[in-house]
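What follows is one structure encoded as structure tokens, with my remarks underneath.
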Amino acid sequence: MANNASVKQFKTDMLSLKNQMARNFRNEFLAQAAELRDNIQAAIQNNVTYHLHDSVRVKDVSTDTKPSVLVIAGGQLTTKRSEAGVFDYSLAQEYGTVKEEAHPFFYPTVRGYKNAYREGVRETFEETLAESNKIRAARANNSGAAGQTAAYRGALTLRRS
């Protein structure tokens, strides 16, 4: 069975599908992260100083096998020294301080974005799977035209509960 051409082709197809899923998810994550970054920046109050708006950024931490993108705020641009010590102004803005009221900008925006994120991931998954199935079906139809029997049943299907 190890020398079976259809088994080899199936393994190749599944590896290709895995790689295409990773690429498509990474692209989807980057697009969603850019949109989320823009929405977070829009939620920041105009009177905020210390470069808070500019500190909101997207960081791609993907590996070959695991697509992953972070949206980050704060850091060097918002870290300041005072008599009390070093503090990150972005945290003071998000959570408030003893003297200042909180003006959350990051987590309320992220929470409001969860459903859109899930929908985008689902659509990316379904589109990539449909494209893979389309390619495999075309190959199966072409091999059937050459006098061989093509028994294509689809690579994978998405089951809905």
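Some notes on this structure:
- Entirely in region 1-117, the strands (runs of 3 or more DSSP E) that have 1 or more residues that are in contact with a Pro (Cβ under 6 Å, 6 or more places away or on another chain) and on the phi > 0 side of the Ramachandran plot: none
- Every residue from region 68-88 that is surrounded by 19 or more Cβ atoms within 10 Å (Cβ to Cβ) and among the hydroxyl-bearing types (S, T, Y): T78
- Checking each residue of region 120-133 against the condition of being among the aromatic types (F, W, Y) and at pLDDT 90 or above gives at least one match.
For (1) in contact (Cβ under 8 Å) with a residue 60 or more places away in the chain; (2) under 21 Å from the mean Cα position of the chain (by Cα); (3) over 20 Å from E131 (Cα atoms), each residue gets a yes or a no:
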{"position": "M21", "(1), (2), (3)": "yes, yes, no"}
{"position": "N24", "(1), (2), (3)": "yes, yes, no"}
{"position": "F29", "(1), (2), (3)": "no, yes, no"}
{"position": "A34", "(1), (2), (3)": "no, yes, yes"}
{"position": "R37", "(1), (2), (3)": "no, yes, yes"}
{"position": "I40", "(1), (2), (3)": "yes, yes, yes"}
{"position": "Q45", "(1), (2), (3)": "yes, no, yes"}
{"position": "L52", "(1), (2), (3)": "no, no, yes"}
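Conditions tested, residue by residue: (1) surrounded by fewer than 15 Cβ atoms within 10 Å (Cβ to Cβ); (2) among the polar types (S, T, N, Q); (3) modelled with pLDDT under 90.
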position	(1), (2), (3)
M1	yes, no, yes
Q9	yes, yes, yes
D13	no, no, yes
N24	no, yes, no
F29	no, no, no
Q32	no, yes, no
Q41	no, yes, no
N47	yes, yes, yes
V58	no, no, no
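- Number of positions in region 110-125 that are of a type outside the set (K, R) and over 13 Å from L36 (Cβ atoms): 5
- Considering A73, A31, A5, A43, the condition of being of a type in the set (A, V, I, L, M, F, W, C) and within 16 Å of F125 (Cβ to Cβ) is satisfied by A31 alone.
- Top-ranked residue in region 77-109 [being at pLDDT 85 or above and among the hydroxyl-bearing types (S, T, Y); ranked as nearest to N39 (Cα to Cα)]: T109
The values are calculated or read from the model by the stated rules, or taken from the named source; none is laboratory data. Please read all numbers here as calculations on a predicted model, not as lab measurements. All Cβ positions, even for glycine, are placed from backbone atoms using ideal geometry, and neighbour counts span all protein chains on display.
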